Amino acid sequence: MEENVTRLVEPVARERGLELVDVEFRPAGRRSVLRVTLDREGGVGLDDLAEASREMSDVLDVHDAVPGVYTLECSSPGVNRPLRRPEDFARFVGSNVRVRTLSPIGGARTFSGRLVAAEPDRIEIEDASRGRVSVSLAEVERANYEHEFATGRRPGRA
């Protein structure tokens, strides 16, 4: 169903100059949640999300794409943006990422560090405790950009 929703809402996002980052469906009791994550260079605003939500809702209803009663949530990816497609990884080479794999690599499933390379089917992470780790994109369960907040003393504090 998520693939069908993606196929239906991606043209709506593209028409509005938005990038479709993710589509996630979560059953939640009587009312499920369909979360559509959108972004654009420089960030996405609340008005952009509201307009996209209205248009996407209409498209999804016409095609009866989501079974039962659901809530459509359109949001920005936030600080720790999810990485899904090869082009997402390529865009964040040089940045810190956190990756969880489907099966262990060298005894671990979670890797955190600098993304040093991104190929169409594989990424490499410089993990502080494990060194350089190569991960097939087919093995990625979840991956996120890890924002680096400024560190140091706060003004006026000793």
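Bear in mind these aren't lab numbers, they're just calculated from the coordinates by the rules spelled out. Note that this is a predicted model, so its numbers are computed, not measured. A quick note on method: Cβ atoms are made from the backbone with ideal geometry, for glycine too, and the neighbour counts reach across all protein chains shown.
With contacts taken as Cα pairs under 8 Å at a separation of at least 6 residues, segment 2-75 carries a relative contact order of 36 percent.
Each of the peptides 97-103, 57-63 was scored by the mean count of other Cβ atoms within 10 Å over its residues; in descending order, highest first, they stand as 97-103, 57-63. Placing R0 at 30 angstrom, the Cβ-Cβ distance between Glu148 and Val69 gives a FRET efficiency of 0.15 after rounding to 0.05.
Using the Cβ-Cβ distance between Ser32 and Arg109 with R0 set to 22 Å, the FRET efficiency from 1/(1 + (r/R0)^6) comes to roughly 0.20. When Rg and Dmax are taken over the Cα atoms of segment 86-145, they come to 9.9, 28 Å. Considering only alpha-carbon pairs that sit under 8 angstrom and 6 or more positions apart, the relative contact order computed for the chain is 18 percent.
By definition, a body whose alpha carbon gyration tensor gives a ≥ b ≥ c is oblate when a/c is 1.5 or more and a/b is not larger than b/c, and segment 1-109 fits this oblate description. The packing ranking, built from the mean of other Cβ atoms within 10 Å per residue, places the peptides 140-146, 27-33 in the order 140-146, 27-33, highest first. So which GluC sites (Glu not before Pro) in segment 16-63 pass both tests, a DSSP loop state and at most 12 other Cβ atoms within 10 Å of the Cβ? Listed in order of number, the matching sites are Glu41. Annotation: extensible slack from Thr6 through Asp121 equals 39.3 nm (criterion: 0.36 nm per residue apart, minus Cα-Cα distance). Amide H to amide H distances under 5 Å link Leu38 with Val21, Ser75, Ser76, where only residues 5 or more positions off or on other chains count and H is placed in the peptide plane.
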